[in-house]
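Below: the structure, in structure tokens.
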Amino acid sequence: MAARAYWQGQIRLALVSIPVEIYTATKSGAKIRFNQIHEPSGKRISYEKVVPGIGPVDRDEIIKGYEISKGNYVLLGEDEIEAVKIESRKTLELVQFVDSCEIDPLYFEKPYYVAPKDELAEEAFIVLREALRKSKKVALGQLSVRGSEKLVALKPCGRGLLLETLRYADEVRAGQSFFSEIDEAKPKKELLDLASTLIEQRSAPFDASEFEDRYVDALRKLIDKKAKSKSKKAIIEDVDDGGGAEGSNVIDLMAALKKSVGDEKPKSGSRRKKSA
């Protein structure tokens, strides 16, 4: 089945409008999600809406509230919330262009693929894509979708474009407060050289297929094994953690780095997987 577009509309650059379709670039099917089950009956547990001291309440009696202080809420009806929603617009206007390095990775949220809607839109789409590529710039705009407005960045991605939603400034914490107590002293040159050599030895082009979620793989195997088993009890297997801790907890950093550099094997003959 063909992928369903997350958003359809047009990208506008000054007087030029380009009909496009936006598709989510990630999928959640790979993650394993659990439900809570009543073990004696094997049925899924549901939850009642209850108020402390009152008990179960009707759904009609529930409204939304924003906590302004402990136990104090501003109550809002659905009609009030609907009244302030942003009117859905089918136009993404590109209002600014910045160098990609200017956007801190902390602001990036979720990626989407952007493709021209039809053949008539391709020429303008390609011009925009190549202009961004040539200038090495990222386009910024605000996308109105489902009643809210998202800050987005647009950049070339192969033959298409990649749109990434960005966090707003008030959604990102300043990191320096967490680092204030770290010593500002510079490391010894020999230690720095050894660490740099180790980094160089382990450097390679990024290939996401080289990495696997071992926890998810183990869960899938456990679920498959349990599904084939007639027993209702959980199957528990001992997991070898590769041996206990050896030696002292106090590590000689210089010796550890030297040993790490010496233990690294040459890159030649490396059996890397092909990129997905």
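Values quoted throughout were computed directly from the atomic coordinates according to the rules given, and no laboratory measurement underlies them. Everything numeric in this text was worked out from a predicted model, so none of it was measured. We place every Cβ from the backbone using ideal geometry, glycine too, and count neighbours over all the protein chains shown.
Annotations for the structure displayed:
- Rounded to whole Hz, the Karplus (6.51, -1.76, 1.60) HN-Hα couplings of region 51-57, x for glycine and proline: 10, x, x, 10, x, x, 10
- Cut-off 19 Å, label 7 Å out along Cα→Cβ of residue 142, residues of region 86-122 by amide N: 86-98, 107-110
- Cα shape, region 147-192, gyration tensor, a/c 1.5 rule: oblate
- Förster radius 45 Å - calculated FRET efficiency between residue 220 and residue 259, Cβ distance, rounded to 0.05: 0.80
- For region 63-161: relative contact order, % (alpha-carbon pairs under 8 angstrom, 6 or more apart): 30 percent
- Approximate spin-label separation residue 17-residue 102, in nm, with each point projected 7 Å along Cα-to-Cβ: 2.8 nm
- For region 1-77, GluC sites (Glu not before Pro) meeting the loop criterion (DSSP other than H, G, I, E, B) and having at most 16 other Cβ atoms within 10 Å: 48.
- Listed by Cβ neighbour count within 10 Å, with the fewest neighbours leading, 107, 66, 47 appear as 47, 66, 107.
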